[in-house]
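Please treat every number below as a calculation from the coordinates, not as lab data. For clarity, every value in this text was computed on a predicted model and none was experimentally measured. As a convention, Cβ positions derive from the backbone with ideal geometry for all residues, glycine included, and neighbour counts pool all protein chains shown.
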Amino acid sequence: MPFVQIIEYDTDRPDEVRALSEEWGQQQLANAPARITLAEDRERPGHIVIVAEFDSYEQAMAHSDQPETGAYAERMRRLARAEPRFVNLDVAQRE
């Protein structure tokens, strides 16, 4: 079953967030998401939303367990004003 993880946080350093995200997207890691989307809220400057799409929950957890993923998350956390909010979703339907 497809799985989506949404990560939301606020930052005063959106340019650095975009640069880090671009750097992360160039890495070739095992169990990488099928797609990652980084979006910025137009009505709330500095509010970042990352949507990571995986083929399954198991793939997402294997990806999360990699040391490189943990290092990336820590670097991203340092750019945030507070702890990020994670939403983990099993995809019930796609159209």
Seminar exercise, completed: In terms of the alpha carbon gyration tensor, root eigenvalues a ≥ b ≥ c, rounded if a/c is under 1.5 and otherwise prolate when a/b exceeds b/c or oblate, the chain is oblate
Seminar exercise, completed: Expected unfolding gain across Leu89-Ile6 under the 0.36 nm per residue rule, minus the alpha-carbon gap, is 29.1 nm
For this session: Express in whole angstrom the spacing between the alpha-carbon centres of the range 52-76 and the range 20-42.
Result: 11
For this session: Only Lys, Arg, Asp and Glu count, each charged at its Cβ (+1, +1, -1, -1), so figure out the dipole size of the range 19-95 about its Cα centre, rounded to 20 debye.
Result: 340
Exercise. Short version: ³J(HN,Hα) in whole Hz for each residue of the range 64-69, in order, from phi by Karplus 6.51 cos²θ - 1.76 cosθ + 1.60 (θ = phi - 60°), x for Gly and Pro, what are they?
Worked result: 4, 6, 6, x, 5, 5
Exercise. Taking square-rooted eigenvalues a ≥ b ≥ c of the alpha carbon gyration tensor, is the range 41-85 rounded, prolate or oblate, where a/c under 1.5 means rounded and, failing that, a/b exceeding b/c means prolate?
Worked result: oblate
